Every structure is written in structure tokens, then in C-alpha cells.
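The values are calculated or read from the model by the stated rules, or taken from the named source; none is laboratory data. On a predicted model such as this, the values are computed, not experimentally measured, just so you know. Counting neighbours? That spans all protein chains shown, and the Cβs are built from the backbone with ideal geometry, glycine included. Remember, those area values only see protein heavy atoms, side chains included, never the ligands or the DNA or RNA. Shrake-Rupley method; radii C 1.70, N 1.55, O 1.52, S 1.80 Å.
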Amino acid sequence: MNNIEMKYNFNLEYFEKSADYVKSKIDFKPQTALILGSALGSLASDIKNPVEIPYEDIPDFLVSTVKSHAGKLILGELYGRKVVCMSCRFHYYEGYDYEQLVAPVRLFKLLGVENMILTNAAGGINTGYKPGDLMIIRDHINLAGASPLRGPNDDRIGPRFFDVCNAYDEGLRTLAKSLAKECSLRIQEGVYAYQTGPHFETPAEIRFLRMAGADAAGMSTVTEALTAAHCGLKTLAISLISNMAAGVNNNRVDGEEVDYVAAQSAKEFKKYLSSILAHMESQEDE
Ligand code: HPA
């Protein structure tokens, strides 16, 4: 083993250990994986016949750093679809290495999941957006300057160099847009700019990002979307615009405001997501 392999040897067998444990607890194959941002955590309570698996029980999985929030996988049926849902996600700003952050999506892939829905709260950069809007992510700008796919590559999981033009699956975006009329929140489609946080952006960074074509800014989602693109898992990602980003108006960016707007919009966002899940199923049935 060379020095890099000694640090992390994240080959297929490593992730199979986690997946085999989860498979031993369920008698069905999840179709869709859900990683829900702060706005939508309550959606997990709608899952029927839930099987709950604490992250710490899963061999070689990551453990949540948020003490008040015991992390767990919740598997069951949601609006007619078999799902695996994370009660909370892992962020780089919590102190994990990028290489470790591939674990959830690799696990989903090995469970046989067909597609994945990611949600998050984000700051609006596009001046046409308002807090409370939803934004279907069409593409992203990764300001982290690093990829979770760095390090030794196991070609059985995905290729060393891989295309990310369709990281946010066009078919799933079209489906989400076609259901926008049913949602009382305004649905936008745009580019998500990712930086690692935990600080919000500076006003100068937001001006720079607007010139670069970004519509919203956030601290999650890109890691998971890149990992999914690598192993060929289709992704739909939706941001709730919880605030206008730094310097867009005269307000300071405030974590409490983010949570407040997220909570206000949760019910409608949930309804929208439920109709997306229901239609995903009918698409496959056709
Ligand atoms: N910037 C980055 N992340 C965020 C923001 C923001 O303005 N709002 C919610 N998450």
C-alpha cells in the first residue's frame, strides 16, 4: 500500500460492508434516496412502515457531529415509492475529509437505488428571486477547489475521469418543472454556487458569483451530486431560497432567518416533493 491508500482505501468492498448491513435490516429494495436539508427534515415522519438504522450501527459509515440530532437512515414507503432517507446529512464544514463524504451516496448505489433527491436551503443571488422561492438546480459552480472523488479510484464504482454535464438529470428536472403549476411556491431553475462554509459568503463573493452566472449560494449538495455522477446515479436537487445572499439587500445574512423561512415553506415544499415522488413512479410504470 502506498501512503495515500493507507489513509483511505475506499474500494468497493469497503462500502459493501455498510450496504450488506443495511440490506440485512430490510426486505425491499429502495428506489429513491432522499437527503433533505433543514427545510424538509419533517418529511421523514411521513415514511410508512419505517425501518430506522442509526448511522453509528452501520459498519464504516460516518457518525453525525450534531449531538442533538441522532443521525439515522429511515427506510420505508413514501407517497408510493420505496425510499431510503437520511435524517441529517454530512457537510465538509463539520470537519470530515472530502474523501469520507462519498459514503452515503455509495451506500445508496449499492442498495440498488435508481435515483436521488437532494434538498437544501440557499441564499438567492439572482435579484429576480425572493425568499420562499424554490430553485431546481440545473448546474453548479464548485468553489471548494476540491472533489470528493480525489484519491485512489475503484473502476468498479465509476471511472477515474467522468463527465458531469448531466449531474442534475435533465429528465428529472423536466418532470419537476412539469409539476410546478401544482405548487404555490414560485419554481425557478438555476445555477447553485457551492462554497464550504460555515461562514456565509462576502458581498464581494456574491457579486463575483452573480457575474459568473450563479443564481443561489449554499454549503451542501455538490459533494453528493458529484459522487452520484461518478457512480451513475441520477440526481434531482432543489434549493429553497431562504434568504437573499450577502449584499443583495441591506439585511445581514442570519442563520435564524434561514431556519424561519425554511420552516414557513416546509409544508408547500413537502407537497411539491410528494407529487414529484408519485410521478416518478408513474413514469417508470409507463
Ligand atoms: N449562503 C450560503 N448558504 C446558505 C445561505 C446563504 O446565503 N442561506 C442558506 N444557506
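Structural remarks
- Just one of the listed residues (Ile187, Ile241) is of a type in the set (Val, Ile, Thr), within 9 Å of the ligand (Cβ to nearest atom) and at pLDDT 90 or above, namely Ile241.
- Among the conditions (1) open to solvent by 50 Å² or more (accessible area, probe 1.4 Å); (2) closer than 26 Å to Lys267 by Cα; (3) among the basic types (Lys, Arg), the only one that Arg156 does not satisfy is (2).
- Residues located in the stretch 123-144, provided they are under 12 Å from Ala193 (Cα atoms) and either assigned to a loop (DSSP other than H, G, I, E, B) or open to solvent by 20 Å² or more (accessible area, probe 1.4 Å) (or both): Ile125, Asn126, Arg138, Asp139, His140, Ile141, Asn142, Leu143, Ala144
- Qualifying residue in the stretch 27-34 (condition: among the basic types (Lys, Arg), open to solvent by less than 60 Å² (accessible area, probe 1.4 Å), touching a strand residue (DSSP E or B) at 6+ places or on another chain (Cβ under 9 Å) and outside any helix (DSSP H, G or I)): no
- Any hit, the stretch 215-238, residues being over 22 Å from Ile35 (Cβ atoms) and either open to solvent by less than 50 Å² (accessible area, probe 1.4 Å) or within 16 Å of the chain's Cα centre (by Cα) (or both): no
- Unmet criterion (only one of (1) surrounded by 16 or more Cβ atoms within 10 Å (Cβ to Cβ); (2) in contact (Cβ under 8 Å) with a residue 60 or more places away in the chain; (3) over 17 Å from Tyr21 (Cβ atoms)) for Leu111: (3)
- Of residues in the stretch 98-121 being of a type outside the set (A, V, I, L, M) and not in a helix (DSSP H, G or I), the one farthest from the ligand (Cβ to nearest atom): Gly112
- Pairing residues of the stretch 123-136 that are farther than 17 Å from Ile206 by Cα with residues that are part of a loop (DSSP other than H, G, I, E, B) and away from the ligand (no atom under 13 Å from the Cβ), at Cβ distances under 6 Å and at least 6 apart in sequence or on separate chains, gives Asp133/Arg186; Leu134/Leu185.
- Among (1) modelled with pLDDT under 95; (2) part of a strand (DSSP E or B) - the single one Val258 does not satisfy: (2)
- Selection count where residues are in a loop (DSSP other than H, G, I, E, B), within 9 Å of the ligand (Cβ to nearest atom) and not hydroxyl-bearing (Ser, Thr, Tyr), scope the stretch 199-221: 4
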